[in-house]
Amino acid sequence: MNSKKLSIIIAVVSGILVLLPGGALLLVKILVTPEMLRKNVLPRVEKLVQRRIEMGDAKIGLFSGIALKGLKIYEKDGKGLFVSFAEARLHYQFLPLLSRRVVVDEVVLDTPDVHVVRNLDGSFNFSDLLKKKHPEVPPAEKEKTPFTFAVAKVEVTDGQVRYDDRKGIFGSPFSYNLREIGIEINNLTPDKRFPLEIKAAAPGVELEFSGTLAHLVSGPSLDGQLTASIADLAKAVSGLPPGISAKLRALSPTGKIAANVHLAGEVKAPLALLKDGEAQLEGISLAAAGQNPVISGTVALADRALTSRNLIVVLGKNRLDLQLKTSPLDKKPLALALNANSESLDLDPLTSAKKAKAASSPSKPGADSTGPGPLKLPLTLSGAVTAKALTFKGLAMSGVSLRYRLADSILTVEDLKGGIAGGTFLDATTVNLGTRGFAYTTRLSLHGVQAEKIVAAFAPKAAGSVSGVLSAKAALSVSGATPASLKRNLTGSGSFELKNGKLSGSGFMGELAAFLGSPGLRVVRFSSFAGTYRIKGGQVYLDSALDGSDIRMRPQGRIGFDKSLDLDLDTQIAPRITGTVARGTVGSFVTNDQGWGEIPLKATGTVGKPRFSLSGNKLGRRIGEKLGETLLKKLDKGTGTGQPPGDQDLGTTIRGLFGR
């Protein structure tokens with residue numbers, strides 16, 4: 001081949017190489033038009049996705065790529081938009097197509113708007129797109145050289161996802177929007193890991209993710225850092241589903257949260273994605289029981305478990321230091337350990353606020369027939385609480401501590417103990433949250449406490465009426481949610497012993513002193529007042545004994561929660577005041593060998609307004625017994641006057657029985 005022929009061949013080949021792309025580009029310009037896309041391409045895509053598609057302008061270039069404007073994909077019923085784009089641009093390389101490779105330089109989705117709907121049956125408006133419409137092609141029939149593709153850059157700008165949950169949470173449908181969505185992907189290939197950057201905003205929340213994504217087709221997996229910033233907790237809560245936000249809005253939450261979490265793993269297992277990270281809580285304030293506790297500190301995530309660091313709750317003048325630790329969040333049931341410590345706690349503001357709320361919201365008739373619960377809590381809880389100083393109902397306590405645990409909806413408080421009113425207390429309580437109205441059992445003991453302080457705190461109307469050193473035990477059970485149901489259902493038993501004290505006041509003791517005609521008995525001093533009791537059906541059944549210097553009593557009988565009385569009071573009056581009593585309402589009574597006057601009394605009415613009377617049956621029996629004893633003694637000893645015993649004046653004998 002001479003040089004002339006070689007030159008001709010080179011010129012022809014060069015011309016072909018120059019003219020072919022130009023001709024192809026011209027052919028594309030002529031054949032691939034917006035009208036052709038609407039007529040030939042869109043119907044096929046519509047048939048594939050079973051949705052109507054609209055398109056505005058289209059620009060196609062062999063080397064410059066494709067740009068579609070005003071692209072809209074409608075819902076399956078054709079009534080609303082499923083996905084829309086202001087513009088979608090794709091820039092690809094032409095030559096790799098010849099070797100069955102798709103190489104895209106850039107994909108840009110401008111202002112996408114995606115509408116996601118969860119239907120009443122739990123399905124989504126895209127569920128049909130996920131179903132396989134054709135059987136899997138056997139490996140032998142698959143193409144030996146399949147298409148591969150790579151995208152140098154994918155960018156989403158100013159996107160929005162509108163989530164419409166028609167099934168709802170807690171029975172309330174809701175909508176939730178993610179806006180200002182920005183996505184950037186570099187070097188995207190379906191079989192390799194590629195970098196991924198995402199930004200988005202929700203009501204009150206800014207979200208960012210920076211990391212990588214792999215296995216896009218077979219099963220996406222992430223590895224990167226997710227950050228969430230909540231600058232306005234109230235705004236973030238208001239944007240949550242109504243079933244959740246309504247409950248949270250009642251707490252009037254405020255404050256800031258900044259979270260940073262490492263995600264790694266398959267997207268299909270969200271909890272398993274959580275690897276490590278932390279959330280900073282800054283001034284989280286909640287309205288609860290008329291108070292506004294403020295929470296600050298750090299909650300850290302490691303190995304899918306949570307721990308706390310410098311976690312503090314401030315409530316008025318109170319401060320609690322908390323230590324939190326959980327089991328891995330994907331473990332069922334979740335195990336949570338929470339300890340709390342405080343130098344000083346004042347519970348009075350909490351109880352006063354609770355009383356005010358109860359007074360403003362009176363219970364409805366029959367409301368106590370059901371009560372709260374049952375609760376089936378999917379977690380276990382344990383921990384301890386300590387307070388060096390604690391105030392409750394104005395009563396100062398010291399060294400208060402307890403241990404608690406919650407499992408299978410049973411809350412157990414163990415070793416609740418501390419110092420109180422000069423003595424100590426110890427309590428163990430169990431609450432069954434798994435039954436309607438809840439059920440409580442408690443075993444309480446007091447040792448060496450000053451009774452007057454206890455009475456002033458828990459029965460202020462009776463303050464000053466009782467004093468002494470009190471030791472007591474109680475084993476009680478109750479269920480219910482209102483005072484009425486608690487009184488009705490309370491059962492139990494116990495014992496008490498009050499030493500070196502006194503009883504006084506214008507109520508019970510005042511009325512007793514008036515009935516006996518001895519004003520000095522308005523104040524009764526005693527060395528011991530002890531007994532046992534049973535509680536059932538709104539009644540306290542008492543068996544007790546009081547040993548005083550001027551009076552001895554054995555109260556036995558019933559005291560109702562409605563303050564009604566039905567007591568037998570076997571009473572003995574000291575010799576030094578029997579004369580006073582004899583001139584009073586009682587008049588006559590029997591005296592024993594020590595000269596104490598014996599008066600069998602009956603107490604009815606109410607605790608505040610008791611009514612006293614003589615127990616005729618007991619008095620008659622006692623007179624008969626005493627008369628028989630006296631006559632036998634006189635028969636044994638004789639009269640000492642030389643007269644036969646039967647000749648002595650019977651009246652003289654009877655007057656001796658009554659000490660008159």
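This table checks each residue for (1) closer than 22 Å to Asn341 by Cα; (2) among the basic types (Lys, Arg); (3) free of Cβ contacts under 8 Å to residues at least 40 places away in the same chain; (4) part of a strand (DSSP E or B).
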| site | (1), (2), (3), (4) |
| --- | --- |
| Gly373 | no, no, no, no |
| Lys376 | no, yes, no, no |
| Ala387 | yes, no, no, yes |
| Met397 | yes, no, yes, yes |
| Asp427 | yes, no, yes, yes |
| Ala457 | no, no, no, no |
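Annotation note: of Ser506, Ser527, the sole residue that is part of a loop (DSSP other than H, G, I, E, B) and either in contact with a helix residue (DSSP H, G or I) (Cβ under 7 Å, 6 or more places away or on another chain) or over 29 Å from Ser479 (Cβ atoms) (or both) is Ser506. Tallying residues that are touching a Gly at 6+ places or on another chain (Cβ under 6 Å), of a type in the set (S, T, N, Q) and outside any strand (DSSP E or B) within region 459-484 yields 1. Of all residues in region 175-217, those satisfying the criterion of being within 29 Å of Ile244 (Cα to Cα) and not in a strand (DSSP E or B) are Pro203, Gly204.
Checking each residue in region 410-434 for being within 16 Å of Leu377 (Cα to Cα) and in contact with a Lys or Arg (Cβ under 6 Å, 6 or more places away or on another chain) picks out only Thr412.
Selection of region 74-119 for residues being within 26 Å of Lys59 (Cβ to Cβ) and in contact with an Asp or Glu (Cβ under 6 Å, 6 or more places away or on another chain) yields Phe82, Ser84, Ala86, Glu87, His91, Val108, Asp110, Thr111.
Within region 163-184, identify whether any single residue is at positive phi and of a type outside the set (Gly, Ala, Ser), and answer yes or no. Spell out the reasoning first.
Here is the first cut: in region 163-184, the ones at positive phi are 168, 170-171, 180.
Retained after the next criterion (residues that are of a type outside the set (Gly, Ala, Ser)): 170, 180.
Within region 163-184, one or more residues are at positive phi and of a type outside the set (Gly, Ala, Ser).
Being in a strand (DSSP E or B) and charged (D, E, K, R) is a property that does not hold for Lys79.
Note on region 98-128: residues that are closer than 27 Å to Asp191 by Cβ, touching a strand residue (DSSP E or B) at 6+ places or on another chain (Cβ under 8 Å) and not in a strand (DSSP E or B) amount to 3. You will find that of Gly255, Gly211, Gly224, the residue that is modelled with pLDDT of 90 or more and more than 24 Å from Arg309 (Cβ to Cβ) is Gly211 and no other.
Might you let me know whether region 302-309 holds any residue that is touching an Asp or Glu at 6+ places or on another chain (Cβ under 6 Å), free of Cβ contacts under 8 Å to residues at least 40 places away in the same chain and surrounded by fewer than 17 Cβ atoms within 10 Å (Cβ to Cβ)? Within region 302-309, one or more residues are touching an Asp or Glu at 6+ places or on another chain (Cβ under 6 Å), free of Cβ contacts under 8 Å to residues at least 40 places away in the same chain and surrounded by fewer than 17 Cβ atoms within 10 Å (Cβ to Cβ). Only one of the listed residues (Leu233, Leu263) is surrounded by 15 or more Cβ atoms within 10 Å (Cβ to Cβ), among the hydrophobic types (A, V, I, L, M, F, W, C), over 20 Å from the mean Cα position of the chain (by Cα) and at pLDDT below 95. That residue is Leu263. Can you say whether Ile60 is in contact with a helix residue (DSSP H, G or I) (Cβ under 7 Å, 6 or more places away or on another chain), hydrophobic (A, V, I, L, M, F, W, C), part of a strand (DSSP E or B) and at pLDDT below 90, as far as the supplied structure shows? For Ile60, the condition - in contact with a helix residue (DSSP H, G or I) (Cβ under 7 Å, 6 or more places away or on another chain), hydrophobic (A, V, I, L, M, F, W, C), part of a strand (DSSP E or B) and at pLDDT below 90 - is met.
Whether a residue is under 30 Å from Gly510 (Cα atoms) and either surrounded by fewer than 18 Cβ atoms within 10 Å (Cβ to Cβ) or touching a Gly at 6+ places or on another chain (Cβ under 6 Å) (or both) was assessed, and Ser398 does not pass this test. From the set of residues in region 428-462 that are basic (Lys, Arg) and over 25 Å from the mean Cα position of the chain (by Cα), which is surrounded by the most Cβ atoms within 10 Å (Cβ to Cβ)? Selected residue: Lys453. Here is a check on your reading of the model: is Ala264 under 21 Å from His115 (Cβ atoms), touching a helix residue (DSSP H, G or I) at 6+ places or on another chain (Cβ under 9 Å) and in contact (Cβ under 8 Å) with a residue 24 or more places away in the chain? Considered against the rule, which asks whether it is under 21 Å from His115 (Cβ atoms), touching a helix residue (DSSP H, G or I) at 6+ places or on another chain (Cβ under 9 Å) and in contact (Cβ under 8 Å) with a residue 24 or more places away in the chain, Ala264 comes out as no.
The values are calculated or read from the model by the stated rules, or taken from the named source; none is laboratory data. Computed from a prediction, not measured in an experiment: that's the story for all the values here. Methodologically, a virtual Cβ is constructed for each residue, glycine included, from the backbone with ideal geometry; neighbour enumeration extends over all protein chains shown.
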